[in-house]
Amino acid sequence: MSDQNPSSQPMLNVQIDSVWHQFPKGTRIIEACEQAGSYVPRYCYHKKLSSPGNCRMCLIEMGFPRLGPDRKSELGADGKPLINWMPRPQISCAQDVAEGIGVRTNSPLVKECQRGVMEFLLINHPLDCPICDQAGECRLQEFSVDFGTSQSRFLEHKVKKPKNAVLGPRVTLDDERCILCSRCIRFCQEIAHDDVLGFVDRGSYTVLTAHPGKELENNYSLNTVDICPVGALTSTDFRFKMRVWFLKETKSICTSCATGCNTIIGTREDVIYRQTPRENDAVNSCWMCDYGRLNFKYLEAKKRLLEPQIRREGKLVHTDWSTAIAQAALQLKQFSGTEIAIIASGRMTNEELWLTVQLAQSLGTHYIDIVPRRGRGDDILLSEDRNPNTNGARLILGSASEPGANLLAIADAVKSGQIKALAILKENTMHLGVPLERLAQLPVFIAMNILSNEATEKATVVLPACGFVEKRGSMINGKGRLQRLNRAVRPPGNARDDWEILRDLIQAVGGGDSLLSIDDVFRRIGETVPQFAGLTFSKIGDLGVQILQMEELPPTHPSDEEKIEQAVAIQARRRAVRSEST
Amino acid sequence: MDSFLIITSLLKIVGILFVVILPMVSYAVYAERKVSAAIQDRLGPNRVGPAGLFQPIADMLKLLLKEDFTPRTANTFYYWLAPCLAVMPAIITIAVVPFGSTLLGVPMVIADVNIGILFVFAIASLGVYGIVLAGWASNSKYPFLGGIRSSSQMISYELSLGLAVIPVFLLVGSLRLTSVVQYQIEHGWFIAPFVGDWLNPWKWLLAVPMIISFVVFVIAIFAETNRLPFDLPEAEQELAGGYHTEYSSMKFALFFLGEYAAMITGSAIIATLFFGGWHFPGIPDGSHGWIFGLINIAVFFAKVAALIFVFMWVRWTLPRFRYDQLMRLGWLFFFEIALVNIFIVAAILAYLPNK
Amino acid sequence: MAITVPRPKLNWRERMYLPAIVAGLAITIKHFKNMLLGRTKVTMQYPEEKWDSSLPDHYRGAPALVRDEDGRVRCVACQLCEFICPPRAIKIIPDEIPSTDRFAKVEKYPEEFDIDMIRCIFCGMCEEVCPEQAIFLRKDYAITGFTRADMIHDKEKLLEIGGVIHGVILKWNEKK
Amino acid sequence: MSPFLFWFFALMMLVFGIAVVVNRNPVASALSLVVSFLGLAALFVSLDAYFIGIIQVLVYAGAVMVLFLFIIMLLGLRAEARRQINWLASAGAIAVALALVLQIFYVVGHFKSAGQRFPPLARPMTDDVRNIGALLFSNYNLPFQIIGVLVLVATIGVILLSRREPR
């Protein structure tokens, strides 16, 4: 396509709507037309999928250069080749451009074809836009307005098909609305490699269904909802919750694994309704996994920490922020650096990690590490590393060993009683081999988190923080790409932006200078971490910046890897024990 | 001083202030609303009590219960002082006005001083301080403009006010207001000399300058009381209420009270100077029995009420003057007319036989 | 550009203004007199006399939800009225109709439907935009309450005001 | 008259007279001066000099000070309120004032009739307006006319000086 290196591809001359353009060899005509500014309507064609050419919406008029007796193009008065127009329309999605061809996207013939196709598509389509979740982003609605007629000549009864059919755990199908474009079938075959969908029956009675005994249950099933041009495939989670035109769309990234898929977060009045993938060919193409997509519900959980709390006479009581910060600083300052440990998180942004390092330096401690988190990956998008910012931690924590390798040493130091003050930021170290009773005995145990858990209940100071949709920041994904998080909703209750909590804490323990905005923090990172030098939030842009070539990273020391595996194993074991007991 | 004088004076002060003036002020507001409604083909207040008669009480309760707000940037002391200064002069002025003949031998005037009219002018001229201070202390542009307008308007019209009544005192020969009333009983009302020696052609000659004097005086009183068509200091449309824009609750009510009290005082002065005060042809004075004393008081306040009606009538008829018109009218018109009028009356008096 | 307004030349009588003032006073006193004599016809005395009987059919009073002859709440929670509402007075929380319901094929209904009558400006855009003929402006115009909460009409209240509507298109009830 | 009232009004005059000088806010100074004038008027009235007393109020409090206030407000002397007090100059002024007071006491003390009681006024309830008028237009007619002309000249002068040249 157009972004391929032009020098390796010969350029071909193509006339689109009477204007001559140049396109590299291999460009599909539908893409060429779009680049030339003439959008060709399409239903079945998707640029990341194969072209079956079955919706017939992308019909165009096409012609080849008129050849003279010498087998060369005849030139017109303007010096350009003359074109022999073919009498019947062609589909533009299944053909590549060729030298000298001509394309008409808005001739009377093309318009008539589009009108006809629209009318056929709408024959059996129910007019239930008022309840259809696709309304507002429905291609059938849009093209019906742009290319169709305003009324139907169909007087017969419409074919009744199954409604509300469950295709899988996360996808619900309304067969009446389906226009049989087969995008979902091809997606499952070509991208998800899980061939479960197909058409059955014939003619007007053709319906989409899952193969017998199978379900659309793979981890990428919700992408079929995204690419469905009409409201046939709906997300069971989002279905009937909110009309799409109310949603405020915020460009952000998914933080469920190290891939860092680019997303759009749809919110309304501080409620998150859905998360959809955003195209970024360097990261996630057009897709994202269901696991990451739905992993935002915890932000609205009942366990959400809403108020800062401090322990007074053995009980956690609500307080205000200045008291909580002052109390945390007072408690931390009781001990020297060797008695304090900070456990940060690979789910924190670069800015928060940098401030954590500043906090550690102000306190004089060297016990600082993040919690490694591993899971099963796949070959498509999901990464084994479930921490979205392990690379950020590598760069910013700046320790010699791999992030996560020191964790067990810290846990041992807590157990042995060497550590008197422990600060846990956005993590639950319950799973790391430190018994709960031991944590409860710590004189100072500061927990900054989003949700309450057993650890926060034992804390001396609890600081409610923000989830990934509630804050700005940057992260470096598993491939070394620096990407931006954007704030889509305001944090609930009195929860505060993590970086502000850390900044105030640093100032309260007597270090650091005034940082007024997160952009200031980012600028300061640039002063200490060379890879960040010269960058700003706006320079990162929506699609991110590649700042690490993965070969640049120091090779993981085998012993580090061993320690990380150990930590992950303990974590998994603890979690299993807990889920059995509950 | 004997105790009898003190007691009767106190009784007169309390009686006239709390029994007559204050209820009159509150019912003047009610009357204003009713009169304006009638003029504009409406009904006016008719909800509280029969024909809305308890409306003033409801208004007062409402104003007392409203939030008493002081703007943060206002100069608090003067901001609080201004409403008091606005009411005080109007009420003090009543002290020298004879509102009746005698009742059981007691003269119905609180202080029968020999410089009565000068006292009225002096105290009335202090009324401007309330408005000017309110405008200045609010620390807000519209009230400030209102205050500035008020002070220049007052200065301009005080001159005409003073000059307009000089012919009256040229005739009477004393500044004492009781003497003015007495003169009118003997020689006929200044505005209509149909009692007393009306057969004297010289008196009829004097009628023209007296009417001029009356007109100028009444117009100047309108300006002094800030009533339409001279209500430029408040001018809702231009100044959003002028000097009392920033006032609320009882402080605002005091300004309101002040305006109506000034109107009542003004009417009382006009009645005394031109309409024979408490005198009505054919009704003897209080020395013929206490019932006549009461009737005299009633006659006086009937005249006052009629004049208040004229105030309202004019307000709901005439539009407001433009500021430059107001100034021109005051300085280039009334001032000169009043001045010339003095010379005419003086000339007539110089040649008037058996004065 | 400045425009010079021509001022009419006044003769000396007009310049005196006094005749005009007297004429003005005469007009106002005439009105006053007529009122006192009871000859003036005054406007309608609102709480005692009301317009209700003579309100025109197109009168735009309080918006309300309606049921059709089958007793179905016609609203399908498409939220177009919420979208179009200029003062954002409408709040809808949609939900799915359970499959056991009589009208299961409509699929969607408003779980909550609130109109904040403090905000409502009676513009009628909700009625105009509704694709389901489910919301109508009725003739109630004196909407009062003691608290802000009283002034928020919930679904029950709106259906109570709206009542049943006859003779509308029943597109969900027949085969489509 | 009651000595209490005399002391009350005399003290009022003095206190507000000092306030005129001490106040940093020009408006407050002007208003203090008005109160001081009112005290003075009250003192005149207590001496049965109604006319002088009331003219004091009418002319000074009612007209002159209103004009002053008008000018002060229009000028907007906010800087005046913030100006530092020059303590040296203040001390000098107080010294001069004290010296003057001492001198007055000295002179009055050596004045023969100062030691005696004032004789009571001949006719307490006299019509002072008539008396003043008669005096002005008989004994003091010439000075009165001259002052009249002087004031007229001053008025014309002011108008001439303040008139803007037509362009």
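Only one of (1) surrounded by 18 or more Cβ atoms within 10 Å (Cβ to Cβ); (2) more than 22 Å from residue C:33 (Cβ to Cβ) fails for residue B:72. Which number is that?
(1)
Quick one: which strands (runs of 3 or more DSSP E) sit completely within the stretch A:292-371 and have at least 3 residues that are touching a Leu at 6+ places or on another chain (Cβ under 7 Å)?
Where strands (runs of 3 or more DSSP E) fall fully within the stretch A:292-371 and carry at least 3 residues being touching a Leu at 6+ places or on another chain (Cβ under 7 Å), they are A:340-345, A:367-371.
On the basis of being open to solvent by 40 Å² or more (accessible area, probe 1.4 Å), within 10 Å of chain B (Cβ to nearest Cβ) and assigned to a helix (DSSP H, G or I), does residue D:18 make the cut?
Answer is no for this residue.
Would it be correct to say that residue C:156 is at pLDDT 90 or above, farther than 28 Å from residue A:125 by Cα and within 14 Å of chain A (Cβ to nearest Cβ)?
So residue C:156 fails the test.
Taking the conditions exactly as written (part of a loop (DSSP other than H, G, I, E, B) and surrounded by fewer than 17 Cβ atoms within 10 Å (Cβ to Cβ)), does residue B:277 satisfy them or not?
Spelling it out, it is not the case that residue B:277 is part of a loop (DSSP other than H, G, I, E, B) and surrounded by fewer than 17 Cβ atoms within 10 Å (Cβ to Cβ).
Could you say which residue among B:290, B:316 is open to solvent by 60 Å² or more (accessible area, probe 1.4 Å), modelled with pLDDT under 80 and farther than 24 Å from residue B:187 by Cβ?
B:290
Quick check on my filter: what residues within the stretch B:110-120 are aliphatic (A, V, I, L, M) and more than 9 Å from every other protein chain (Cβ to nearest Cβ)?
B:110, B:111, B:117, B:120
Taking the stretch A:238-276 as the region of interest, how many residues are open to solvent by less than 40 Å² (accessible area, probe 1.4 Å) and either assigned to a loop (DSSP other than H, G, I, E, B) or not assigned by TED's automatic domain parsing to the domain that holds residue A:164 (or both)?
Residues meeting the conditions: 14.
Given the criterion β-branched (Val, Ile, Thr), at pLDDT below 80 and open to solvent by 10 Å² or more (accessible area, probe 1.4 Å), identify the matching residue among B:191, B:221, B:211.
B:191
Residue by residue, here is whether (1) part of a helix (DSSP H, G or I); (2) open to solvent by less than 100 Å² (accessible area, probe 1.4 Å); (3) away from every other protein chain (no Cβ under 14 Å); (4) closer than 30 Å to residue C:123 by Cα holds:
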residue	(1), (2), (3), (4)
C:3	no, no, yes, no
C:6	no, no, yes, no
C:9	no, no, yes, no
C:26	yes, yes, no, no
C:35	yes, yes, no, no
C:39	no, no, no, no
C:45	no, yes, no, yes
C:48	no, no, no, yes
C:56	no, yes, yes, yes
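Considering only the stretch A:362-408, state which residues are without any contact (Cβ under 8 Å) to a residue 40 or more places away in the chain and of a type in the set (Gly, Ala, Ser).
Matches in the stretch A:362-408: A:364, A:399, A:400.
Against the condition surrounded by 14 or more Cβ atoms within 10 Å (Cβ to Cβ), aliphatic (A, V, I, L, M) and within 30 Å of residue D:28 (Cα to Cα), how does residue B:82 come out, does it pass?
Answer is yes for this residue.
Can you name the residue in the stretch A:305-319 that is among the charged types (D, E, K, R) and in contact (Cβ under 8 Å) with a residue 40 or more places away in the chain and, of all such residues, is most open to solvent (accessible area, probe 1.4 Å)?
A:311
May I ask you to say which residue of B:107, B:89, B:56, B:98 is away from chain D (no Cβ under 14 Å) and touching a Gly at 6+ places or on another chain (Cβ under 7 Å)?
Unique residue meeting the criteria: B:98.
Would you mention how many residues in the stretch C:15-24 are at the interface with chain B (Cβ under 8 Å from one of its Cβ atoms) and of a type in the set (Gly, Ala, Ser)?
Qualifying residue count for the region: 1.
State the number of residues belonging to the stretch C:94-133 that are within 14 Å of chain A (Cβ to nearest Cβ) and among the β-branched types (Val, Ile, Thr).
4
Name the single residue that is modelled with the highest pLDDT among those in the stretch C:159-176 being farther than 21 Å from residue C:56 by Cα and open to solvent by less than 40 Å² (accessible area, probe 1.4 Å).
Per the criteria, the residue is C:159.
Could you please find all residues in the stretch A:502-546 being closer than 28 Å to residue A:321 by Cα, of a type outside the set (A, V, I, L, M, F, W, C) and open to solvent by 20 Å² or more (accessible area, probe 1.4 Å)?
Correct list: A:503, A:504, A:507, A:510, A:512, A:513, A:514, A:517, A:519, A:520, A:523, A:524.
Would you check if there is a residue in the stretch A:329-336 being over 25 Å from residue A:444 (Cα atoms), surrounded by fewer than 20 Cβ atoms within 10 Å (Cβ to Cβ) and of a type in the set (A, V, I, L, M)?
Taking every residue of the stretch A:329-336 in turn, none turns out to be over 25 Å from residue A:444 (Cα atoms), surrounded by fewer than 20 Cβ atoms within 10 Å (Cβ to Cβ) and of a type in the set (A, V, I, L, M).
What number of residues in the stretch C:106-129 are closer than 15 Å to residue C:63 by Cα, out of contact with any Lys or Arg (no Cβ under 7 Å at 6 or more places or on another chain) and open to solvent by 30 Å² or more (accessible area, probe 1.4 Å)?
7
In the stretch B:121-169, which residues are under 18 Å from residue B:237 (Cα atoms), out of contact with any helix residue (DSSP H, G or I) (no Cβ under 6 Å at 6 or more places or on another chain) and either among the charged types (D, E, K, R) or away from chain D (no Cβ under 11 Å) (or both)?
Answer for the stretch B:121-169, where residues must be under 18 Å from residue B:237 (Cα atoms), out of contact with any helix residue (DSSP H, G or I) (no Cβ under 6 Å at 6 or more places or on another chain) and either among the charged types (D, E, K, R) or away from chain D (no Cβ under 11 Å) (or both): B:140, B:141, B:149.
Filter the stretch A:481-521 for residues that are among the charged types (D, E, K, R) and in a loop (DSSP other than H, G, I, E, B) and give the result.
Across the stretch A:481-521, the qualifying residues are A:487, A:490, A:496, A:497, A:513.
Where residues in the stretch A:149-163 are closer than 19 Å to residue C:108 by Cβ and surrounded by fewer than 16 Cβ atoms within 10 Å (Cβ to Cβ), which of them is farthest from the other protein chains (Cβ to nearest Cβ)?
A:162
Could you check the stretch B:33-69 and list, in sequence order, the residues that are aliphatic (A, V, I, L, M) and under 26 Å from residue B:83 (Cα atoms)?
Within the stretch B:33-69, B:57, B:58, B:60, B:61, B:63, B:64, B:65 meet the criteria.
If I filter the stretch A:370-380 for residues that are buried (at least 21 other Cβ atoms within 10 Å of the Cβ) and not aliphatic (A, V, I, L, M), do I get at least one hit?
yes
The values are calculated or read from the model by the stated rules, or taken from the named source; none is laboratory data. If you're wondering where the values come from, they're calculated on a predicted model, not measured in any experiment. With ideal geometry, Cβ positions are generated from the backbone for all residues, glycine too; neighbour counts draw on all protein chains shown. Just so you know, the surface numbers come from the protein's heavy atoms only, side chains and all, with ligands and any DNA or RNA stripped out. Shrake-Rupley method; radii C 1.70, N 1.55, O 1.52, S 1.80 Å.
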